[in-house]
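Please treat every number below as a calculation from the coordinates, not as lab data. Keep in mind that this is a model prediction, so the values were computed, not measured. Cβ sites come from the backbone with ideal geometry, for glycine too, and all protein chains shown count toward neighbours.
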Amino acid sequence: MKRKGHLQTAQRQEFLREAVWHLCQAGKLQTAYFLARREALFFEPEDRDDAKILLELCHLFQPSYKWRLGKKSIAIIYKYQEWAYNKLEGG
């Protein structure tokens, strides 16, 4: 039974990541960012697969001319991006 719950959680996370991606593609970056934060899509990666997912998510929210984040939000994204790179490098 525990396995089924994990699968449902994994499927939900995948669905939410896809929703965030679509919001970004539609130019709704602020909405996408707040959804990702609210749903805890930013996390400390446990393995390389987690790190790849996290890095992909972080890249969606790189500050650009299209939108501006506050300093705290930028720091959060860079922190998670650093964790992802460290895990990918074997850390």
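For segment 57-76, how many residues are free of Cβ contacts under 8 Å to residues at least 24 places away in the same chain and assigned to a helix (DSSP H, G or I)?
Qualifying residue count, segment 57-76: 5.
Within segment 52-91, track down each residue that is buried (at least 17 other Cβ atoms within 10 Å of the Cβ) and more than 10 Å from the chain's Cα centre (by Cα).
Scanning segment 52-91 gives LEU69, ILE76, TRP83, ALA84, LYS87.
Identify all residues within segment 23-36 that are under 13 Å from the mean Cα position of the chain (by Cα) and surrounded by fewer than 18 Cβ atoms within 10 Å (Cβ to Cβ); write none if there are none.
Those that are under 13 Å from the mean Cα position of the chain (by Cα) and surrounded by fewer than 18 Cβ atoms within 10 Å (Cβ to Cβ): PHE34, LEU35.
Run ALA32 past the list (1) part of a helix (DSSP H, G or I); (2) without any contact (Cβ under 8 Å) to a residue 12 or more places away in the chain and report the number of the one that doesn't hold.
Every listed condition holds for ALA32 apart from (2).
Of all residues in segment 37-51 being exposed (fewer than 13 other Cβ atoms within 10 Å of the Cβ) and farther than 22 Å from GLU89 by Cβ, which is nearest to the chain's Cα centre (by Cα)?
Here the answer is ALA40.
How many of the residues in segment 21-46 are within 15 Å of ILE74 (Cα to Cα) and of a type in the set (A, V, I, L, M)?
Final tally of qualifying residues: 3.
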